[in-house]
Each structure stands twice: as C-alpha cells, then as structure tokens.
Amino acid sequence: MLTSRKGPAFETPGAEGDKLPDVRQDAESCTRCDLYKNATHLVFGEGPAKTAVLFVGEQPGDKEDQAGRPFVGPAGKLLDHCLEEAGVERDICYVTNAVKHFKFTPRGKRRIHSKPNAGEVQACAWWLAAELRLVKPKLAVALGATALFSLLGRQAKVTRDRGTVLRSPDGLPVLVTIHPSALLRTLDQPDAELNRSRFVDDLKKIFEFLE
C-alpha cells in the first residue's frame with residue numbers, strides 16, 4: 001500500500017465540533033467560496049456517525065441540490081445498485097462530497113454540472129476534514145478525480161491508481177475508483193457492461209476493511 005501526499009482535506013484542521021449534527025449546522029451558513037450564492041441547499045454528508053467506510057464524491061448534482069441530500073440522483077441510484085451487486089450495504093456507509101454546493105452552468109431551464117476548481121475544493125475541505133475526523137473510517141473510497149484530489153492531492157491519479165488502495169499521510173487507506181456518473185455517460189457504448197463490472201469489482205475490495 002503506497003503512501004501518497006496530503007490533499008486539501010488533510011492540510012486543514014477542519015471545522016470544530018464534536019458531533020456531526022453540530023458541524024452540519026455550522027456548514028449550512030458556509031460562505032467559504034461563492035458556490036453558496038446560486039445553490040438551493042448545502043448538501044452535507046449522510047450516514048452512520050461512526051462507520052468503517054466513507055465515500056467521497058465530487059459535488060452534489062441537480063437532484064441532490066434540490067433534496068439537500070447526497071447521492072439521491074441518477075449517479076446515486078447507480079451507486080446503490082453497484083454496491084448491492086458488490087455485497088456492500090449502503091446503510092453502513094457514510095457518503096459525502098468534496099464540495100458541498102452544486103456548481104452549474106444555466107442552459108435554458110436546465111442546470112448543467114460544472115466541475116469545481118481547486119480553490120473551491122480547498123475551501124470546502126474544511127468540512128470534509130471534520131467529517132473524516134468524526135466518522136473515523138477504516139477506509140475512504142474516492143469516487144473520481146475531484147474526490148481523489150481532495151484526499152490525496154495532485155500526485156494521485158484515477159486512471160493510473162484505479163482499483164488500488166493508497167494511504168494518506170495520516171495512515172487512512174483510500175480506495176481509488178471512478179465516479180458512478182462516468183458510467184452513466186457510457187451507457188450507450190459497447191463496453192458499458194464491462195465498465196460497470198469493473199466498478200463493481202472495485203467496490204468488492206471494500207470487504208477487506210469492513211468490521
């Protein structure tokens with residue numbers, strides 16, 4: 001298991017607080033970057049207060065922004081199905097995002113996802129750091145490049161490190177894989193089922209860290 005460099009989530013002390021509900025309440029009034037100005041809701045993490053597995057995605061999508069909950073849109077439903085195939089119960093996992101507000105570009109009546117920049121990820125690491133400190137997972141699962149950057153910095157790469165477990169400087173194992181939204185974008189391609197199977201195989205590696 002290789003040790004990687006620090007990402008923003010390990011470069012900040014994180015928000016103060018001894019309980020997740022208290023940190024979440026503080027986060028509701030977050031103005032650390034400008035994304036709060038256009039978002040409907042802040043979308044904080046969700047799941048058991050103490051658990052072995054913590055998932056980190058990129059940011060909430062349109063459905064999550066409206067609901068105020070993480071991974072409830074199409075990518076979240078696909079993640080649920082793939083976790084079920086892998087034999088991992090979603091209910092035992094804590095799910096969150098590197099960035100807590102939806103970043104988008106208006107296009108008519110639609111809101112099109114826009115990737116958070118490094119500054120936005122660094123600003124929001126204040127909250128992710130607190131979630132990591134309080135949940136105390138045995139394993140973090142980085143879903144995609146933004147999540148991986150937030151945890152392990154620019155040195156780690158999804159294309160190179162996918163399916164492997166890296167270790168953060170403080171010793172937390174980080175499983176590297178893609179974001180389920182990447183699968184949604186390839187549903188009409190010939191290798192769609194192969195890509196899904198590979199993602200499920202990545203998720204099966206979680207068993208090594210379950211209690």
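The numbers here are math on the coordinates, done by the rules we state, and not lab data. Note that the structure is a prediction, hence the values are computed from the model and not measured. Virtual Cβ from ideal backbone geometry, glycine too; neighbours counted across all protein chains shown.
Adding -39500 (n - 2.57) for every DSSP H run of four residues or longer, then dividing by how many residues the chain holds, sets the calculated 222 nm ellipticity at -10000 deg cm²/dmol. Once you sort the root eigenvalues of the Cα gyration tensor of the stretch 19-100 as a ≥ b ≥ c, which label holds: rounded (a/c under 1.5), prolate (a/b larger than b/c) or oblate (the other case)? Judged from the Cα gyration tensor, the stretch 19-100 comes out oblate (a/c at least 1.5, b/c at or above a/b). With a threshold of 27 Å on the Cα-Cα distance, the over-threshold entries among 50/205; 37/109; 37/136; 6/77; 136/157; 19/204 are 37/136; 6/77; 19/204.
Qualifying GluC sites (Glu not before Pro) in the stretch 24-122, where qualification requires a DSSP coil assignment and no more than 16 other C-beta atoms within 10 Å, comprise 28, 89.
Think of the stretch 42-112 as having a plus end and a minus end, set by charges on the Cβ of Lys, Arg, Asp and Glu; of 112, 47, 86, 112 sits farthest toward the positive end of this dipole. Among 65, 188, 34, the largest mean-square fluctuation in a Gaussian network model of the chain, built with springs joining Cα atoms closer than 10 Å, belongs to 188.
Proximity of backbone amide H atoms, modeled 1.01 Å from N, is registered between residue 104 and 114 at under 5 Å, excluding neighbours fewer than 5 places apart on the same chain.
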